[in-house]
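Chemist: Dumping the structure here so I can ask a few things about it.
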Amino acid sequence: MKRILILVCLCAAMVFSASTIYANPEAYHVGCAFAVTGKASWLGEPERNTVEMIAKQINDNGGINGHPLVLHIEDTQGDNTRAVNAVKKLIKKDKVCAIIGTSRSGTSMAAIPVATQSEIPMISCASAAVITTPVEQRKWIFKVGPDDSDAARNIFEHMNAHDINKIGILTGTTGFGAAGREQLKEIAGEYGIEIIADETYNPTDTDMTAQLISIRKTGAQAVINWSIVPAQSIVSQNMQQLKLTIPLYQSHGFANIKYAEAAGDSAEGCIFPAGRIMAVDTLSDDHPQKAPLTEYKKAYESTYNEHVSTFGGHAYDALWILVNALKKVGDDPAKLRDELENTTFVGVGGIFEYSEKDHCGLDKDDFALLTVKDGKFVVLKD
Amino acid sequence: MNHTDGAFVDVLQFLIMGIQRGSIYAMVAMGFNMIYNATGIINFAQGEFVVLGGLMMVTLTMAYNLSIVFAFILTVLFLIIAGILMERLTINPVKQPTVLRLIIITIAVSIIIKGAAMVFWGKGSHYMRHFSGTESLDFYGARILPQTLWIFAILFFVVVAYILFFNYTMTGKCMRACAINRDAARLAGINDRKMVMLSFALSAGIGAIAGIIITPIIQMDYARGAMLGLKGFGAAVLGGLGNSMGAVVAGVLLGILEAMGAGYISSHYMDAIALVILLFVLFIRPSGIFGSSEAMRLKEF
Amino acid sequence: MSNSILELEMLRKNFGGVVAVSDLSLHIEKGCVTSLIGPNGAGKTTIFNLVTGFVEPSSGQIKFAGRRLTKMKPHTIASIGIGRTFQNVQIFPKMSVMENIMVGRHLRSRAGIFYSSVLPPFLRKEEKKIQEAAEKQLHFLGLAQHAHLPAGSLPLGNQRMLEIARALALEPRLLLLDEPASGLNARETIAMGELIEKIKQMNITVLLVEHDMELVMDISDYVAVINFGRLIAEGPPAEIQENRDVITAYLGE
Amino acid sequence: MKGKNSAGFLALIIGIIATPFLVTNDYYLGVLIFAAFNSLACIGLCLLMGYAGQISIGHGAFVAIGAYTSGILTAKLAWSPWLAMLCGILLVIVIAFCLGIPALRLKGHYLAMATLGFASIVHIVVVAAVDLTGGPSGIVNIPRLDLFGYVLNSDRQYFYFSWGVVALGIYIAFNLINSRMGRGLQAIHGSEDAAASLGINITSYKVQVFMLSAVFASVSGSLYAYYVNYIDPGPFDVGHSVLLVTMVAVGGLHNIWGALIGAIFLSLLPEFLSFLSEYLEAFGIEYQPDFDTLIYGSILLIIMLFLPEGIFKGITGSMGSVVSSVKKSLGRTAGREQ
C-alpha cells in the first residue's frame, strides 16, 4: 500500500514539474513530426537532427525577437495512425503555432485533414504533388520537398539532349516511388519519350535482376530508377552484374551519399537530379545558394559527424522559412499562414517562392543534374 | 545488346537468382524447423537472427577489419550465445507453455532484438564487401556473382552438416528422438529441456550463417527480419513443418518461383504469385509437400 | 431380424495394410441392447466410427432405418438420430455441466448466427426450452446438483454419465456407447447398468462396446463377438457364453 | 448477456458516455478513437480465436478490404459512406467464405501461415493495383461519416459514434457466445469429434464465425477510413495482422473483455511511451525515441511471461483476491460486533 502511495506522489510530482517547465508564455512553440524511427527513419533522423541543431543555434543567439523557440518533436514512425496522433498532440496538447513535417508523403496526407481542420499551418518535408494541390483545399499546407515532375523534367531534358527516346522505368513501391512512376508516365510524352518497360520493386526486395532482365528484353536505351529506399542501391549493382551498360538515371531520392557508398563502383556515372546541397563543393561561388549550403553542410557535419543529406535540408528550409515568418508576424497561426504565402527564401533545396497559387515554391531549375564520380557527388557537366 | 540475349540465358539467369533467394529462405526455414521440432512453436524471432548475424558481420569486417573467416566464426558464436540466452530467459521460465503464448513471446523477443539492433547499429542500411570480389562470372551467357557461388556452397555445406549431425551424432539423435516423441525420449533419459536450448542455439547459428552470406548482396538493416521470417515460414510450411530437407527444397522452390514470377509475369505481383501457389499447395495438401498428415496430428496447436 | 434399425453389409475398412474391419455383416434390432465384444484391437471402436461417419468404409455399406449412411458427415448422421459416446471421455471440460447438455440440444433448436447475435429477445422462448430439456436430462441422470460446475471438475463416473446425458439430449433413436463402464468402480458400474436399462425403456436402441462381461451379459439382449475385424459369433448372451469359438478367442488355445 | 458481463457492459457504457466530459483534449480522444478501431477488430478476432479456437494472422487484410471498399466507393464514386461500408461488409463476407472453406480445414501453424499468406497477398494487391487503390499514394478526400444528415465532424462526435459501434460489437459478441451457436463454437474448441457427434456442422460453424469476425474487421477498417479521410497501404500490412493477434493474446484469449483491454492497452502504449520520453527529458534525462521499440517489446515480453492468461485475467484475478480479503476482514469485524 505504501509503495502505491509513493508511486502516486511521484507521478503527481512528475506531472506538476513537467507542466511548470513547459509553461513559458514568451516562447514560440513549433511542432515537428518526423519519422525518427521505423521504416522511413533515414528521412526522419537527419530532419530531427537538423531542426534540433538550428533551434539551439537560434536560442543561443537570443531567440526570435527575444522569444525562445521551443520545439516539440514527435516520432511518427512513418506510420499514418501515429502521424495523425502526433500532429493532433502537437496542436491540441502542445498548442504549437505551426507544424513542420511529416517526413513521408503518406503520413503527410493523413495529417493534412487534422492541420486543416485546426487551422494550423503545416510545412511538409515530403515531395508528392498532392500535398499542396489543389491549392484551394490545401490552404494551410505548404511543402519544401520539390515536385517530382520537376525532377522528371530534368531527367527527360537530359535524355532529349542525348537522343534517348525509349526507356524502361523501375520504381519502388513506396509513396515516393509511386508518385514518381505516375509523373514519369504522365510527362514522358511531352518530351517525345516512350516508356517501354514499367517495373516495380518492394522496399524490402533484395534483388532486381528479374526486373532488369525484363527491361533489357525490351531494348530500352536507358533505365530510370525512381525510389527513396536503401534497396535502390542494389539496382546499379545488379546492372553491373548483368553487364547491362545502358545509362542509369536515378531520382532525387538517390541523393544520399550512403546510397552511393553502398552501391560502390557500380554507381559511378549514374545521373540524377538533386538539390545542390549534394555537390556544394563543385558549385560556383556566385551561385546564390552557395552561402546557405556551405553553412548548413559545415554545421551539420561538424555537429553530427555524418554526411549531410537532402532530407535534413528539407527540415532546414522548413524551419528557417517558419522562423522568418515568426520574426515578422509572431505566432498567430492565421497570420503565419498569410506570411508564408509571401515568403521568398534562398535555402538548401533551392529558391523558394511561395504564393497564393503555389505552396511548393520550387521549380525545375532548383534541381541540378549530378553524377557519381570517384564515390562522390559532383555536378554533371556535358 | 549482344549474344547474351535469348530466352535460354534469361531462364538461366532467373534460375540462378531464384536459387540465391531460395537458399536464404531455406536456411531460415531450417532454423524454424529445428525449434519447431523441439518445442512445437514457430519462432518469430528467426528473421531477427539473420539480421543480427548480418549486422554483426558488418561490424566485425568493416569496422574492426577482421578477416572474413575469423569474423564468420565469431559471428556464429555470438548468435549461438544469443540463441541460448533467448531460450534461457524467455522460453525456459514459462511454466505452463501454450503454443500461442510461446509464439507471442517470440514475437516480443523479435521486437526487442529489432529495437536493440536499431539502437546499436542505427537505422541505416549496412553494406559489406563481398567475400571474393564483385566481378560477375559468365555462366553459359548468364551472369553469376562469386558471392552467389559462396551462398550455394555454404547452403550445401550446412545441409550436409545437418544430415551428419542428426544421423551420426548422439546429440543429434537425441534431438530427433525428442522431436518424434518428447515423453518417450524423456523416459529414455534424454534431457529434453537441454535439447530445447540446443535447438535455439543451432537455429540461431544457422540464422547467423544466412545473414552473413547474404549481407554483401542485399545489405542489412535492422528491420529486414520480418520479411525474411515470413518467407522462411512459408518455405517451412510448404516443405512440411518439421521436415528440414523438405524445407530446403521448398525454400529453393519458393525463390525460383519468385524470380520467375517477377521475370515472366509481373514484378508488381511478384511476391503474391509465390504466396498464391503456397496457399494452393496448402489447400490441396494441408500438411505441405513433404509433410505427413500423421506427424501433423501429433503436434497440434 | 426384419425389425432391424441398423444394418451393416459386408463392411470393410483398411488402414494402410491393416484390415481393421473385414467384410462384416450385422443387423441390430430395434429397441434392444446389443453388445459388441471382443479382444482389444478387434475393431469395435472402428465399427462405431464407421457407423457415425468419423471414418469412411473401404467397401460395404451401412443402413440406418433404411437409409444408406455412406459418405454422410458425422453431424448429418447425428441429425438422423444416432448418438454416441467416446471411449476416452470427450466432454467439454471448460463449459459447465448444464452447458454441456445444452450443446446436446443443438439439433432440437434452430437459431443461426444472425438471430443469435443480433436479436436474442426473439430467441428467449427457444433458449428456455433448451434449458428445460437440459434440466430434465440432469435430473434423469442425477447430476442436477452439479449443474453449474465446470464439467472438467467432475469425477470420471459422473463425466461418463454426463457424456451419456449429452447424447440423450439429442433424442437419438440409436445410442452407441463406447466402453461406458471402463474406469468405473463396482458401485458406479451397477449404476451404469441401471441407466442403460432405463435408456432401453425409453425405446432407444443401444449398441454397446464393453469389456465388463458381467455387465454385458446382464443387460444385453443380443451379443456379437468380433475378432480381427470379423464376426465370429452372435446370439443371445446365454448362447454366447457357451460358444467354443468365443472362449478360444478370449482365452487363446 | 447476464451477470458479471452485463455489469461490465453497463460500466463500459457509462465509461463511454463519461469519457469526453473528463477528457476534453481532442488529442486524447483521437487516440481513444484509434483504440476503438482496434478494439472492434479484436473483438471479432477473439470470437474466432478464443471461442472457436481458430487462429488467423490475416485479419489486417479484412480491415484493409473494409477501408479500401469504403475509400474507393466514397472518394472515387461518391457513394454514401453507409452504403460503401455495407458493400465492404458484403465483400468480406464473400471473401471470408471463399477463403474460410479451404483454409479452416488446416490446423495450427498451417492455418496461421495460410491466413498470413492471405494478408500479404491482399497487401501486395493493394500496393500494386494502382488504378483501383491508388497504390502507395493512397486515396485522398474520403468523406466523413454522417448520421441522419448530421456530419460527424468533431472528435467528440466520432468518439461517441465509434465507441458506440464497439459497444454494439460487444453486445453482439456476448449474445453470440451465450447462444446455441456460441455453445456450439465452444464445443468445437473443446472436442471436434464430440461436437460433430452431437450434430454440429464443424466446417460450417468455423466458416460462419470466420465471416462474422471478418465483418468486425471490415467495419473497423471503414470507420478508420472515414476518420482519417485518407488511406494508403501502410497501416494494413502483415504487421498489423500480427499486432491484432498480439492484442488479443495480451488481453486474454478466452474473454471478450480481455480482447478489448488488450486492444486498448497496446493502442495506447506507444502514446504512453512518447509521454515517458517527455517526462524524462523534463528531468534532464536524455531519452531517444529509438528506445521505444525496445521498451514496447520488453513490456510485451513481461506481460506474456508473468501474466500467462493475459492482462484481463491478471487484473480480475488480483482484484478478486483483494475483494475476497476485504470481504474476509469485513466479515471479521462484523463477527466481532455481534
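The values are calculated or read from the model by the stated rules, or taken from the named source; none is laboratory data. Here the structure is a predicted model, which is why all the values come from computation and not from measurement. Backbone-built Cβ (ideal geometry, glycine too); neighbour counts: all protein chains shown. All accessible areas refer to the heavy atoms of the entire protein, side chains included, with ligands and DNA or RNA removed. Shrake-Rupley method; radii C 1.70, N 1.55, O 1.52, S 1.80 Å.
Chemist: Show me the ranking of peptides C:203-210, C:137-144, C:44-51 by mean Cβ neighbours inside 10 Å, starting with the highest. If you can, show how the numbers build up before the last one.
Modeler: Values: C:203-210: 21.9, C:137-144: 17.9, C:44-51: 23.5.
Highest-to-lowest ranking by the protection proxy: C:44-51, C:203-210, C:137-144.
Chemist: While we're on this one: Listed highest first by mean packing, meaning other Cβ atoms within 10 Å per residue, what order do C:220-226, A:46-52 come in?
Modeler: On the way: C:220-226: 21.9, A:46-52: 24.7.
Per-residue Cβ counts within 10 Å, averaged per peptide and sorted highest first, yield A:46-52, C:220-226.
Chemist: Same structure, new question: Over 22 Å between Cα atoms, which of A:LYS39/A:LYS92; D:LYS4/D:LYS313; D:LYS107/D:LYS206 qualify? Could the numbers behind the result be given before it?
Modeler: Numbers: A:LYS39/A:LYS92 26 Å; D:LYS4/D:LYS313 14 Å; D:LYS107/D:LYS206 12 Å.
Cα-Cα > 22 Å for A:LYS39/A:LYS92; rest within.
Chemist: With a cut-off of 8 Å between alpha carbons and a minimum separation of six or more residues, what is the relative contact order of chain C in percent? List each step's numbers first, then the result.
Modeler: Working: 451 pairs, mean separation 68.9, N = 253.
RCO, chain C: 27 percent.
Chemist: Return a single number: how many Lys pairs in the range A:148-274, at a sequence separation of 8 or more or on separate chains, have alpha-carbon atoms below 21 angstrom apart. Walk me through the intermediate numbers first.
Modeler: Values: A:LYS166/A:LYS185; A:LYS166/A:LYS217; A:LYS166/A:LYS243; A:LYS185/A:LYS217; A:LYS217/A:LYS243.
Final tally of qualifying lysine pairs is 5.
Chemist: For A:TRP226, list long-range residues whose amide hydrogen, built 1.01 Å from N in the peptide plane, is under 5 Å from its own amide hydrogen.
Modeler: Excluding prolines and chain starts, which carry no amide H, the hits are A:LEU170, A:THR171, A:GLY172.
Chemist: Could you rank the peptides D:207-218, A:131-142, D:289-300 by their average count of other C-beta atoms within 10 Å per residue, with the highest value first? Provide the component values of the computation, followed by the final result.
Modeler: On the way: D:207-218: 26.3, A:131-142: 17.8, D:289-300: 20.0.
Result, highest mean first: D:207-218, D:289-300, A:131-142.
Chemist: So what is log10(I(q)/I(0)) for the range C:1-42 at q = 0.31 1/Å, when the Debye sum runs over its Cα atoms only?
Modeler: At q = 0.31 Å⁻¹ the computed log10 ratios are -1.08.
Chemist: If you don't mind, another one. Check the straight Cα-Cα distances from A:LYS376 and name the aspartates and glutamates below 15 Å, setting aside those fewer than 8 residues away within the same chain.
Modeler: Of all the aspartates and glutamates, those that pass the test against A:LYS376 - Cα under 15 Å, at least 8 places apart if same chain - are A:GLU261, A:ASP265, A:GLU268, A:ASP281, A:GLU306.
Chemist: Tell me which residues come under 5 Å, amide H to amide H, from A:ASP198 once H is placed; ignore anything under 5 positions away on its chain.
Modeler: The list, which skips near neighbours in sequence, is A:ILE169.
Chemist: Moving on to the next point. Run the quick spin-label model on D:TYR150 and C:ASN243: label points 7 Å from Cα toward the beta carbon, then report their separation in nm to one decimal.
Modeler: 8.1
Chemist: Moving on to the next point. When each pair of different Cα atoms in the range A:105-244 is counted once in the 1/r mean, what is the Kirkwood radius in angstroms, to one decimal? Provide the component values of the computation, followed by the final result.
Modeler: Numbers: mean 1/r = 0.0615 Å⁻¹.
That comes to 16.3 Å for the range A:105-244.
Chemist: What are the ³J(HN,Hα) couplings of the range D:259-270, residue after residue, when phi is run through the Karplus curve with 6.51, -1.76, 1.60 and θ = phi - 60°? Round to Hz, x for glycine and proline.
Modeler: Listing the rounded values in order: 4, 4, 5, x, 5, 5, 4, 6, 6, 7, 3, x Hz.
Chemist: Only Cα pairs within less than 10 Å get springs; with that Gaussian network setup on chain A, which residue of A:ILE213, A:ILE321, A:ILE99 has the largest fluctuation?
Modeler: A:ILE213
Chemist: Something else now. Enter the mean number of other protein chain beta carbons within 10 Å of the beta carbon of each residue in B:31-44, as an integer. If you can, show how the numbers build up before the last one.
Modeler: On the way: counts 0, 1, 0, 0, 0, 1, 0, 0, 0, 2, 1, 4, 0, 1.
Average per residue, whole number: 1.
Chemist: Please compute the average number of Cβ atoms from other chains found within 10 Å of each residue's Cβ in peptide B:88-97.
Modeler: Working: counts 0, 2, 3, 1, 0, 2, 3, 2, 2, 1.
Mean inter-chain Cβ contacts per residue within 10 Å come to 2.
Chemist: Rounded to whole Hz and in sequence order, give me ³J(HN,Hα) for the range B:224-240 from the Karplus expression 6.51 cos²θ - 1.76 cosθ + 1.60, θ = phi - 60°, writing x for Gly and Pro.
Modeler: 6, x, 4, 5, 4, x, 4, 5, x, 4, x, 5, 4, 5, 4, x, x
Chemist: I've got another one for you. Stretch D:LEU268-D:ASP193 to full length: gain in nm at 0.36 nm per residue minus the Cα-Cα span?
Modeler: Values: separation 75, 0.36 × 75 = 27.00 nm, distance 4.12 nm.
Residue separation times 0.36 nm, minus the Cα-Cα distance, leaves 22.9 nm.
Chemist: While we're on this one: Across chain B, how many lysine pairs separated by 8 or more positions, or lying on different chains, have Cα atoms within less than 20 Å? Before the final figure, lay out the partial values.
Modeler: Values: B:LYS95/B:LYS194; B:LYS95/B:LYS299; B:LYS114/B:LYS123; B:LYS114/B:LYS231; B:LYS173/B:LYS194; B:LYS173/B:LYS299; B:LYS194/B:LYS299.
So the count of such lysine pairs works out to 7.
Chemist: Could you do me a favour and compute the accessible area per residue for the range A:148-274, 1.4 Å probe, result in Å²? List each step's numbers first, then the result.
Modeler: Details: 3420 Å² over 127 residues.
Heavy-atom SASA per residue in the range A:148-274 reads 27 Å².
Chemist: Assign unit charges at the C-beta atoms only (+1 for Lys and Arg, -1 for Asp and Glu), then state the dipole size of the range B:129-208 relative to its Cα centre in Debye, rounded to the nearest 20. Don't skip to the end; give the middle numbers.
Modeler: On the way: 8 positive and 4 negative charges, 76 e Å.
Rounded to the nearest 20 debye, it is 360 debye.
Chemist: Using amide H atoms built 1.01 Å from N in the peptide plane, name the residues 5+ places from C:ALA233, or on other chains, whose amide H lies under 5 Å from its own.
Modeler: C:VAL225
Chemist: Using only atoms on other chains, find how many Cβ atoms lie within 10 Å of each Cβ of peptide A:214-220 and report the average. Spell out each step's value before the answer.
Modeler: Values: counts 6, 1, 5, 6, 0, 2, 0.
The shielding value for this peptide is 3.
Chemist: Using +1 at the Cβ of each Lys and Arg and -1 at the Cβ of each Asp and Glu in the protein assembly as shown, identify which of B:TYR127, A:PRO203, B:PRO286 lies farthest towards the dipole's positive end.
Modeler: B:PRO286
Chemist: Right, something else. Placing +1 on the Cβ of each Lys and Arg and -1 on the Cβ of each Asp and Glu in the protein assembly as shown, which of B:MET260, D:VAL326, C:GLN241 has its Cα farthest towards the positive end of the resulting dipole?
Modeler: In the protein assembly as shown, that residue is C:GLN241.
Chemist: I would also like to ask the following. Provide Rg and Dmax in Å for chain D, with only Cα atoms included in the calculation.
Modeler: Every Cα atom of chain D included, Rg and Dmax give 21.3, 80 Å.
Chemist: Using the Karplus curve 6.51 cos²θ - 1.76 cosθ + 1.60 with θ = phi - 60°, work out ³J(HN,Hα) for each residue of the range C:66-78 in order, rounded to whole Hz, and write x for Gly and Pro.
Modeler: x, 9, 6, 9, 3, 6, 7, 7, x, 5, 5, 5, 4
Chemist: On to the next question. Which percent of Cα-Cα pairs in chain B sits in each 20 Å bin, short to long?
Modeler: Over chain B, the share of Cα pairs per 20 Å bin runs 34, 57, 9, 0 percent.
Chemist: Relative contact order (percent) for the range C:89-171, with alpha-carbon contacts under 8 angstrom and 6 or more residues of separation?
Modeler: Working: 91 pairs, mean separation 45.6, N = 83.
Relative contact order comes out at 55 percent.
Chemist: Can you pull the Kirkwood radius for the range C:144-216, inverse mean 1/r over Cα pairs, to one decimal in Å?
Modeler: 12.9
Chemist: Report relative contact order for chain A in percent, whole number only (criteria: Cα-Cα under 8 Å, sequence separation at least 6).
Modeler: On the way: 777 pairs, mean separation 61.1, N = 382.
The value is 16 percent.
Chemist: Please compute the modelled spin-label separation between B:TYR168 and C:ARG110, points set 7 Å along Cα→Cβ, answer in nm with one decimal.
Modeler: Between C:ARG110 and B:TYR168, the simple spin-label model gives 7.1 nm.
Chemist: Turning to a different aspect of this structure: Normalised by the empirical 2.2 N^0.38 Å for globular proteins, what value does the Cα Rg of the protein assembly as shown take? Don't skip to the answer; put the middle values down first.
Modeler: Details: Rg = 34.5 Å, N = 1274, 2.2 N^0.38 = 33.3 Å.
The reported ratio for this selection is 1.04.
Chemist: Ok, one more. What lysines does C:LYS63 reach when the alpha-carbon gap must be under 17 Å and sequence neighbours fewer than 8 apart in one chain are set aside?
Modeler: Correct list for C:LYS63: C:LYS13, C:LYS30, C:LYS71, C:LYS73.
Chemist: Straight-line reach from A:LYS328: which aspartates and glutamates have a Cα under 19 Å away, not including same-chain ones fewer than 8 places off?
Modeler: A:GLU26, A:ASP317, A:ASP338, A:GLU339, A:GLU341, A:GLU353, A:GLU356
Chemist: Mind checking which of C:ALA133, B:ILE41, D:ILE200 is farthest towards the positive end of the protein assembly as shown's charge dipole, using Cβ charges of +1 (Lys, Arg) and -1 (Asp, Glu) about the Cα centre?
Modeler: C:ALA133
Chemist: Along each of the three principal axes of the Cα atoms of the range C:89-171, give the extent in whole Å, ordering the values from largest to smallest.
Modeler: The principal-axis extents, from largest down, are 38, 22, 19 Å.
Chemist: Rounded to the nearest 20 Debye, what is the dipole magnitude of chain C about its Cα centre when Lys and Arg each give +1 and Asp and Glu each give -1 at the C-beta?
Modeler: Numbers: 27 positive and 27 negative charges, 283 e Å.
Computed about the Cα centre, the dipole is about 1360 debye.
Chemist: What dipole magnitude, in Debye to the nearest 20, does the range D:3-327 give about its Cα centre under +1 on Lys/Arg Cβ and -1 on Asp/Glu Cβ?
Modeler: On the way: 11 positive and 15 negative charges, 255 e Å.
With Lys and Arg at +1 and Asp and Glu at -1, about 1220 debye.
Chemist: Same structure again: Past the 36 angstrom mark, what percentage of all C-alpha to C-alpha distances in chain A do you count? Walk me through the numbers on the way to the answer.
Modeler: Numbers: 17970 of 72771 pairs.
For chain A, the fraction of Cα-Cα distances above 36 Å is 25 percent.
Chemist: While we're on this one: Please work out the Kirkwood hydrodynamic radius for chain C, using every pair of different C-alpha atoms, and report it in angstroms with one decimal place.
Modeler: On the way: mean 1/r = 0.0524 Å⁻¹.
For chain C, the Kirkwood estimate is 19.1 Å.
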